[in-house]
Structure formats: C-alpha cells, structure tokens
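The values are calculated or read from the model by the stated rules, or taken from the named source; none is laboratory data. Since this is a predicted model, take the numbers as computed values, not measurements. So basically every Cβ, Gly included, is an ideal-geometry build from the backbone, and we count neighbours across all protein chains shown. To get the accessible areas, we keep the full protein, side chains included, count just its heavy atoms, and leave off ligands, DNA and RNA. Shrake-Rupley method; radii C 1.70, N 1.55, O 1.52, S 1.80 Å.
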Amino acid sequence: GEERGGSMSFALEVLAGGMSTAMVSALLNPLDVLKTRKQIVTPAAHATPGGAVPSSLSLLTALVYEEGVLGAWLPGLSSSIAREMLYSGVCKGTYPLARDLLSGGDDVTIVQRAAAASITGFCGSVVANP
C-alpha cells in the first residue's frame, strides 16, 4: 500500500541522489588524479635546488603517455563513486524527508531549509566517513 510506496520513493530519492553525484565524480576523476599527482611532485621539486614545479598540463601529458587514458581515470575511481553514493545519496535522498518533517506540512521557510540541509549533510558525513 502507501507504506511500501513511501519507502520505495525514499529509496529512489537516495539512489538518484547518489547516482547523480557519482556520475559527475566519475567524469571529473582525472582532475582528482592530476591534483593528487601534483601534490606528490610539488614538494619533491621544491626540495631540489632550482627544481621547477611542473605544470598541470605537463603532468597530465606525462600521465597519459606513461599510463594511458585509463591511468588518468581509474586510480581512486571506485572509492570516489562509493563515497558519493553514500554521502550524496544520504544527503540528497533524505533532504525532502527532513525538510517536510521540519516544516510540519506548512510552507517551508529558509531557516527550515537550512536546518534540513545541515542535518542531512551531517548524516551523510557520518555514513560516508565512519
């Protein structure tokens, strides 16, 4: 009945929230890989006399040349997707429920929206970062 439809709708909200952000995270994963490589290379460059910090473009070019396109995409991809499915799924999926509970069925105020976002963000952080 209605109970099952409500729980199914909630599950779909959580799934849609997680999947939407996971897809964006997957698409942008090469930038995260590049950022991490730059963080590793920069201190080493500064440690050597006259060491120049390589540009992001030169790092990306070397990465693709040495490891292929997948070398820029795959490192950390599964972790990134899992985190987004958990964090964003909880945050985005539970937001409508929290918002409606806080408003009591009345028009939702900006304070109630902010409170709902804070609560669901906290819950998402607890779930995704145990």
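Structure values in brief
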{"item": "Stretch gain in nm, segment Val24-Ser78, where the contour uses 0.36 nm per residue and the Cα spacing is subtracted", "result": "18.1 nm"}
{"item": "Accessible carbon and sulfur surface of the chain relative to its total accessible area, %, 1.4 Å", "result": "69"}
{"item": "Two-site FRET efficiency, Ala115 against Ala16, from Cβ-Cβ distance with R₀ of 25 Å, rounded to 0.05", "result": "0.65"}
{"item": "Normalised contact order of the chain, rounded percent, pairs of Cα under 8 Å and 6 or more residues apart", "result": "34"}
{"item": "Mean accessible surface per residue for the chain, computed with a 1.4 Å probe while every protein chain stays in place, in Å²", "result": "65"}
{"item": "Cα→Cβ-extended label distance, 7 Å offset, between Ser9 and Lys35, nm", "result": "3.6"}
{"item": "Computed accessible area, Asp32, all protein chains, 1.4 angstrom probe, square angstrom", "result": "70"}
{"item": "Over the chain: Rg over Rh, Cα atoms, Kirkwood Rh", "result": "1.19"}
{"item": "HN-Hα J in Hz across the stretch 107-122 - Karplus 6.51, -1.76, 1.60, θ = phi - 60°, x for Gly and Pro", "result": "4, 7, 8, 5, 5, 5, 5, 5, 5, 4, 5, 5, 5, 5, x, 4"}
